[in-house]
Structures are given as structure tokens and as C-alpha cells.
């Protein structure tokens, strides 16, 4: 077993009231209006299906744990499960409604308040590593926020997987280049957590299963759109030192995807003028992936991605969480791997990515 175990993907529940504690009162009405507007958009289609897990009749062990809301209780649950450090993602996705606040000033203020609330939540920053969110509607403000986060000792940045979902251009657009530059300078990772994809709205409406299981099964596969933009779109050609973490994608299907895109570039002669290497080159150099339970990781196919790019997680407190049985699940999944590889997957890769 590794010297310490790091979960590369766990969650906390931050409340709007906690955010507003750090937000000037003159912006509260705009904040509430933006939250209401976003909630309305989430009440149908893929947004509605995205919240189905909260109403899942399966009462999994982590459901309702106070560790989702309280950092001290969280540390108790981590100790009980043998987890030393968790990389934490807020259940609230503030970057989905910062741009709805009516003015750039208000949106930027809400971003800072959101991130200050995350800082306040992390009672033990060495163990509870929060992922800060950025105001992409204002790149100058995003650059300043990265600098502020780095100066405060922040370790993790979270961006939307699909910027068009929040009314913004894809990441290949040159407007983001100053942001990629400052993130490279600070050596912080960009984390893109798989989740809601509104392009699945139609399928969510047509899905005949009670909890939209057909739609949900498509969510990780949709990440190929983002993979393509970062690799074939040339971002990683121009910014070779960026560290990307795609969270909760699962693993087994990704080597097949890399084979397909490389085949397009070679045998099928598709042109990708923004890059000079095969698409898989950039993926294997810059992209890291998290998993919870995935039998693929125990096969030799793990070398198709690189053992140094794979990171284990608990996904606390979601229905698939390994809590409180992480030690046994780790043994079942990784017990047969060489010790050096097991240590990378459980600890070493995350230490490197998040500069722990």
C-alpha cells in the first residue's frame, strides 16, 4: 500500500448562503436572480436528469453523511476510510451562473466570494484540497483570480468541461491564451469534472428509464468533444506544460478513442493543421484521468494511457463512492499490480499533479 492514499475526486456541498457571506450585500439580489435563472434551466432535460442521483432509492453508505457539509466531520470520515488527502469539487457549479448576474463587476465579485467560501470550508488545506472555479466571462479577471489563488496557496483549478454551455467560445479561441499562460506559470492543474452536458437534453427527454439511465451512461463518452478540442484543436501544442485532469470519465473506453483519432490522422489522412504530432501524443503527455472502480485498470491495457496518468478516487459521497470500504476495494482492484504502479495510482501521480 502507498505511504498515503489520495482521492483525486471527492465532493463537498457548499451552500449559497456560505457564498453570500463573502459577497457584498449590493450583489445579493443579482446573485439570487442568477441562481434562480440557472435553477429554472436545470429543471428540465439533462439538468433534471443530472440531479436524479439525489433521489436514487438505493441508500448507499455515504448518503446523508455530515462530512459532505462539515469539514471536521469530513476528516473523521476520511480517517475511518484510511484516506489521507482528498481533492474536492463543489456540488455547486458557480461558473454556470456567474455570467448571469447582470454585470461583469457582479460576476467577478461572485467568483471571488465563491472561492473565498471554498477556502473557508477547507479547515485543513493540506488534507482538504479544494478546486477553485474561474470567471471565464472576463479573462482579465480570471487571470487575476489565478494569481490570487496561487498567492493564497491554492492547489487546484476547475473549469467547465464545455464552455459553450455557459455561453462562451470553445477553449481553442485565442481569448483564453492569457489564462493558459498564467496557469502554466503557476503550475496549477486544470480540472474538468464530467457531468451535466446540455447537448443531451433531447436524449434525456426521450429516455424511458425512471432515472434517465440511458442518458447518464452517455455522459462520460461525451468527453471526447473536450478531448478533441484540447488535443486536435492545438491548445496543448501551444501550451505544452499545461496539466489537465479529466475527472470521472472512467477509463476502459479511452484507449479505443485514442486509436480512432490517431487512425483519422494517419490511415484516413484527416488534416489537423493546429498540431504537429498525433492526437494521442498530447493526450498522453498532458491529460490525467481519475477512476473509482474500473476493472480495466488491472489489465495490461493501463499502459495504453500510462500508469503515470491514472489516479484513484472515492467519489464521496455519491452513490458509487467506495466509502467506507476503500481499503478493501483498493486491494481488490490494485492488489495484483506492481508496488511501484500501485503507489503512483494511489498517491504519487496526485502528489505531482497538485504539487502536494
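No lab work stands behind these numbers, since they all come straight from the coordinates. Being a predicted model, the structure only gives us computed values, none of them experimental. Ideal geometry is used to build each Cβ from the backbone, glycine not excepted, and the neighbour counts take in all protein chains shown.
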Inset, instruction - Determine the gain in length on full extension of the stretch residue 253-residue 17; use 0.36 nm per residue of separation and subtract their C-alpha separation, reporting nm with one decimal. - result: 81.0 nm
Inset, instruction - Mind giving me the nanometre distance, one decimal, between the label points for residue 126 and residue 327, set 7 Å out from Cα along Cα→Cβ? - result: 2.2
Legend entry - Candidates 71, 324, 295, ranked by Gaussian network fluctuation over the chain, Cα under 10 Å, top entry: 295
Legend entry - Average silhouette area of the range 267-332, convex hull of alpha-carbon atoms, in square nanometres: 6.6
Inset, instruction - Would you mind pulling out the separation of the Cα centroids of the range 334-356 and the range 179-256, in Å? - result: 23
Inset, instruction - Would you mind ranking 87, 330 so that the residue whose beta carbon has the fewest other beta carbons within 10 Å leads the list? - result: 330, 87
Legend entry - For 253, 323, 121, 312, order by how many other beta-carbon atoms lie within 10 Å, fewest first: 253, 121, 323, 312
Inset, instruction - Kindly put 112, 302 in sequence by how many other C-beta atoms sit within 10 Å of each C-beta, fewest to most. - result: 112, 302
Inset, instruction - Select from 261, 143, 287 the residue whose mean-square fluctuation is largest in a Gaussian network model of the chain (Cα-Cα springs shorter than 10 Å). - result: 261
Inset, instruction - Report the full-extension gain for the segment residue 40 to residue 76: residue separation times 0.36 nm, less the Cα-Cα distance, to one decimal in nm. - result: 9.4 nm
Legend entry - Projected label distance in nm at residue 351 and residue 264, using a 7 Å step from Cα toward the beta-carbon: 3.8
Inset, instruction - Find how much the distance from residue 26 to residue 187 grows on full extension, using 0.36 nm per residue of separation minus their present alpha carbon separation; answer in nm with one decimal. - result: 54.5 nm
